[in-house]
Every structure is written in structure tokens, then in C-alpha cells.
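Novice: This is the structure I want to talk about, given as C-alpha cells.
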Amino acid sequence: MMNLNKICPACKAEYYPHILKCADCGAVLLSPEEHRRAQEERKRTEQKSVENAVVVREGDLGWMSELRTVVLNAGIPCMLYSDAGCGKGCGGDTWRLKVSPEDLEKAQESIEEYLMELDPEFRIAKDLIGEGKCPACGSPVGSEVRDCPDCGLPLLIVEED
């Protein structure tokens, strides 16, 4: 008899066929055939080369590996790169998650959505900023203001050369 149980694509938990979402992570469950196809597509995505790669995020190996999974799950080819240290993540190396320029915006959106799932306060802060308000104190702020004039919260991250 064929196994008709559904599989969570995120955490690989197995459920009875009538269950629609994973109880642990909320992902939509897949039939074994859908799961197999999704795994094959992910493998193809992982193997695609990234031309003229641009940096989406940078940080330690653990965090960048986690974000790489998020980007791959969104169907975006990406790669991790570090140009210093031993390359094993043990010496505080800075790792860069890179995608093609065409995929940059979609990758950023995928990561932002993931961050909002991790901490709902990110979504609240984004909504407040979108309304022209400081996410800390709610005071009105302009779009080009670096710091909130009332509470001093940095609103723009400015990288200096």
C-alpha cells in the first residue's frame, strides 16, 4: 500500500493526509510526490551558478547559512563567500550571502519576511516607518531623517567608507 501521508517541506515532519499545515512551523504540507519534486527543484536551484553576484547580507557563518536556506527555499540561486580566515567559520570570518543582481530584490524580500516571522516586532516597526512614524516612540519623522528627533533612535543605517 502506498504511503499517502503528507510531509512538511521545512522540518520534514510527517502527517496524516487530512492535515494541511505543520503544527510545528506552520508550513503547508506536501504529498510525497510534491515533496520529491520540491526537493529536486531545490537541488537544481542549489546547483545553478550565480553570475555577477551581489551581496544581500553579511555576517557569521551560522547566520548566513540560515539565510541561505531562506533564499534557496524562495527558489533563488545563491552562494556563501568569505575571503578571509580558515573558511570554516571558526575565526570570526565575515561571510557574504550573494545572489545575481536580478534576484537581489526578491532575496531581500524573502529575508525580510523571514525576519518578520522570527520577530513580529519587525513587522510593526516596518509598518510604523511606512506611516512616517518612529517605531520606538511613534513621533512623525521624514523619510530622509537619520535619527528620530524625539527619542534619537537611528532610522537609517549609513555605511561610511
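The values are calculated or read from the model by the stated rules, or taken from the named source; none is laboratory data. From a predicted model like this one, the values you see are computed outputs, not experimental measurements. All Cβ positions, glycine included, derive from the backbone under ideal geometry; neighbour counts span all protein chains shown.
Okay, residues lined up against (1) in a helix (DSSP H, G or I); (2) modelled with pLDDT of 90 or more:
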residue: 25; (1), (2): no, no
residue: 34; (1), (2): yes, no
residue: 37; (1), (2): yes, no
residue: 44; (1), (2): yes, no
residue: 50; (1), (2): no, no
residue: 68; (1), (2): yes, yes
residue: 71; (1), (2): yes, yes
residue: 80; (1), (2): no, no
residue: 83; (1), (2): no, no
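Novice: Quick check on my filter: what residues within region 23-47 are within 21 Å of residue 111 (Cα to Cα), surrounded by 14 or more Cβ atoms within 10 Å (Cβ to Cβ) and over 17 Å from the mean Cα position of the chain (by Cα)?
Specialist: We begin by selecting, within region 23-47, every residue within 21 Å of residue 111 (Cα to Cα); these are 24-28, 38-39, 41-47.
From what is left, the residues that are surrounded by 14 or more Cβ atoms within 10 Å (Cβ to Cβ) are 27, 38, 42, 45.
Listed by number, the list holds a single entry, 38.
Novice: Find all pairs meeting these conditions: Cβ atoms under 9 angstrom apart; at least six residues apart or on different chains; first residue within region 101-119 and of a type in the set (Val, Ile, Thr); second residue surrounded by 14 or more Cβ atoms within 10 Å (Cβ to Cβ).
Specialist: 111/56; 111/57; 111/67; 111/70; 111/71; 111/74; 111/97
Novice: Given the conditions (1) loosely packed, with under 14 Cβ neighbours inside 10 Å; (2) over 12 Å from the mean Cα position of the chain (by Cα); (3) assigned to a helix (DSSP H, G or I), which single one is not true for residue 138?
Specialist: (3)
Novice: Answer yes or no as to whether residue 57 is among the basic types (Lys, Arg) and modelled with pLDDT of 85 or more.
Specialist: yes
Novice: For residue 118, only one of the following conditions fails: (1) aliphatic (A, V, I, L, M); (2) at pLDDT 85 or above; (3) surrounded by 13 or more Cβ atoms within 10 Å (Cβ to Cβ). What is its number?
Specialist: It fails just one condition, (3).
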